[in-house]
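Step one of this worksheet: look at the structure below.
No value in this document is a laboratory result; all are computed from the given coordinates. Since this is a predicted model, take the numbers as computed values, not measurements. Here the Cβ is made from the backbone with ideal geometry for all residues, glycine too, and neighbour counts use every protein chain on show.
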Amino acid sequence: MAILSLQGVSKSFGALRVTDDVSFALEPGEALGIIGPNGAGKSTLFNLITGNLRPDQGRVMLDGRDITDETPMQRCASGIGRSFQIPQPFGNLSVYENLLVAARFGGGLAATEAPAHCMDILRRTGLARHADRKAGGLPLLDRKRLELARAMATRPRVILLDEIAGGLTDAECVELVATIRAIHAEGTAIIWIEHVLHALTSVVSRLMVLNFGRMLMIGAPDAVMAAPEVREIYLGIEA
Amino acid sequence: MMRKILLPLILLIAVALLAALPVIGSRALVQDLFMVLCLLVLALNWNLLAGFAGLVSVGQQAFVGIGAYAMFACVILWGMDPLTGLLVGGLVAMALSVPVAFFAFRLHGAYFAIGTWAVAEIARLSLGQWKALGGGTGTSLPKGAAQEMWGAETVRALIGGSKAAAVDALTYWLALALVVVMLIASFAFLRSRMGLGLQAVRDNPVAARSVGVDPTRLKALVFLLTAFGTGICGGLLFIQIGRISPDAAFSLLDWTAFVIFIVVIGGIGTLPGPVIGVLVFYALERLLADYGTVYLIVLGLIGIAIMLFARRGLWGSFIQQTGFDPLPLSHAAPRAGSAN
């Protein structure tokens, strides 16, 4: 059974249809990439999955259970973790505390279990040396890492990554991809929105293309990237 | 750790000195400090509410007044002990906070502030209709009710003096106990899972929701608990004052404006802030006692100056300048993992 599925999900802001009848199913442990031009409705799709937005039509299912009416808090506790495109740290809390909140609430860990869990993730994401530093003062790369680390601390079964590699140098990107591959190898399902294609295709096994809120195509990355309509719309290259 | 022993020791000595005051100090000083301690209780509650939960209420006098009126009703109408009335006052205030939260939580920021103020006005006008408790002009505690309350005899045997002095000493000790309980409870709460969640919400509510923190639930919890603390304090205040009227019990100036001033100059969103604030407030009150309304003008000017030039208040600025925080609310990362 699919771990997460969307069934005919639509969302409009006024007259603008930002998500238009999107349906897909994510298998447990699968890694799915989402690409599309700016304004295609990628982040909106994430907000519909996490419950920050409610769809006008359609259902969102987790483990075959309808979660369309659940709050972001409930969905997080059920196993959906996310990172934000623009990092949203708890600025006055330390890096460690940022993870601790996530582990105690979304992760449902007890006071005795949470610290070790958080430190483990901090080490894996290369943030351990900043553990006691205030999150508000971190540079961009570390803020991106913190987004990933905090999402991991909620112990998700599906993790949603929103342009986590954007703005990083090649070396930083390689490091980040290695971390994401490790998360994936542990069996966590991933949906990853990304413009940095080579990073994305080195992890995901399926690729979805969004354009004007509609799902243009979904399938194996090579086949999708080779499709004329994708090359035309997404890359602006004549077929 | 030197600090770990030193700070509790200093606090313990301070509390011990304050506790000894009714024995060694004058009755006027006991009455003065009773008021200061009660203001501190109100300030600690308001600081939790506004400084940590982001609920800037200007209607906390509603819960002071409700607590006081409930206590009076218990004593006058049902012949209960004032101390039992105090507990009832706290519980009634907490019960009232449920419907208030139901409506006020639909409002945000300035609208929330105005909403809570309107609730307090409604409560003041409504209780002014309660004829059994003196209506708009108010009423006094029955003669001897306070002097015969639980513990008053024991206190009198302990420190001697008049019955009235024993009541003063007893209410003073209760206020001191309330301060200590409030401080310890606030510290424990803010260091707990819920306190951590609250601080996350304060920093970024959207991100907090996405890691499983329910902002409304935490805020409602703080609103309920502070209504209880504020209600008990209201009851205690009016046992000592002995006379109640809607205008006195629901005074915006006495129970909210002064309290906001105390928290803002001391340092909003810090635990020691209200303690520093109340000391400054008391010092100013003593210094300017002879100048009438000038006193309020000076208080207002100082408040404005702090908001403009030291937004974190005295304690907040001190921590910022020195980096020394003896009462940290933060959770340090486990030591073994720090090496990287």
- [ ] Provide the packing ranking of B:42-52, A:56-66, i.e. peptides ordered by the mean count of other C-beta atoms within 10 Å per residue, highest first.
- [x] B:42-52, A:56-66
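Work out which helices of chain A, taken as complete DSSP H runs, extend at least 18 Å along their axis over the Cα atoms and score a mean Kyte-Doolittle of 1.6 or more, then list them.
Long hydrophobic helices here: none detected.
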Task: the protein assembly as shown: equivalent-ellipsoid semi-axes (sqrt of 5 x gyration tensor eigenvalues, Cα, Å) - done: 56, 26, 20
Open item on the list: Can you sort A:ILE86, A:ILE35, B:ILE260, B:ILE302 from fewest to most other Cβ atoms within 10 Å of each residue's own Cβ?
Closed with: A:ILE86, B:ILE302, B:ILE260, A:ILE35
- [ ] With a bin width of 5 angstrom, please list the P(r) values of region B:21-251 as percents of all Cα-Cα pairs, from the 0 bin to the one holding the largest distance.
- [x] 1, 7, 14, 17, 17, 15, 11, 8, 5, 3, 1, 0, 0
TODO: Please work out the C-alpha center-to-center distance from region B:195-262 to region A:59-121 and express it in whole Å.
DONE: 28 Å
Task: For A:ILE34, residues with placed amide H under 5 Å, excluding near neighbours - done: A:TRP192, A:ILE193, A:GLU194, A:MET208
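For region B:1-115, rounded, prolate or oblate, judged on the Cα gyration tensor with a ≥ b ≥ c (square roots of eigenvalues), a/c < 1.5 rounded, else prolate if a/b > b/c?
oblate
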Open item on the list: Taking the number of other C-beta atoms within 10 Å as the exposure measure, put A:ILE183, B:ILE319 in order starting with the fewest.
Closed with: B:ILE319, A:ILE183
TODO: Rank by packing, highest mean first: peptides A:226-232, A:128-134, with packing defined as the count of other Cβ atoms within 10 Å averaged across residues.
DONE: A:128-134, A:226-232
TODO: May I ask for the distance between the Cα centers of region B:25-99 and region A:126-152, given as a whole number of Å?
DONE: 43 Å
TODO: May I ask what percent, to the nearest 5, of DSSP beta bridges between residues of the protein assembly as shown are antiparallel?
DONE: 60 percent
Open item on the list: Can you sort A:CYS173, B:CYS74, A:CYS76, B:CYS233 from fewest to most other Cβ atoms within 10 Å of each residue's own Cβ?
Closed with: A:CYS173, B:CYS74, A:CYS76, B:CYS233
- [ ] Would you mind listing how long chain A runs along its three principal axes, going by Cα atoms, in whole Å with the largest first?
- [x] 52, 40, 34
Open item on the list: Let's test this: bin the Cα-Cα distances of region B:264-332 at 5 Å from zero up to the farthest pair and state each bin's percent.
Closed with: 4, 17, 23, 22, 15, 10, 5, 3, 1, 0
Open item on the list: Under the rule of at least 5 residues apart or a separate chain, name every residue whose amide H is placed under 5 Å from the amide H of A:ILE67.
Closed with: A:VAL60, A:MET61, A:LEU62
Task: Of the DSSP H helices in chain B, those whose Cα atoms cover at least 18 Å axially and whose Kyte score averages 1.6 or more - done: B:2-24, B:27-46, B:61-78, B:82-104, B:163-191, B:293-309
Task: Mean Cβ count within 10 Å, highest first, over the residues of peptides A:136-147, B:88-99, B:168-179 - done: B:168-179, B:88-99, A:136-147
TODO: Could you pull out the pairs from A:LYS144/B:LYS4; A:LYS134/B:LYS4; A:LYS134/B:LYS219 whose alpha carbons sit more than 31 Å apart here?
DONE: A:LYS144/B:LYS4
Task: Cα point-scatterer Debye curve for region B:73-139, base-10 log of I(q)/I(0) at q = 0.11, 0.15, 0.19, 0.24 Å⁻¹ - done: -0.36, -0.62, -0.87, -1.07
Task: Residue-averaged beta-carbon neighbours from other chains (10 angstrom radius) around A:42-53 - done: 1
Open item on the list: Just checking the output field for A:86-92: average partner chain Cβ neighbours within 10 Å of each residue's Cβ?
Closed with: 5
- [ ] Quick one: among B:VAL206, B:VAL30, B:VAL56, which has the greatest mean-square fluctuation in a GNM of chain B with alpha-carbon springs under 10 angstrom?
- [x] B:VAL206
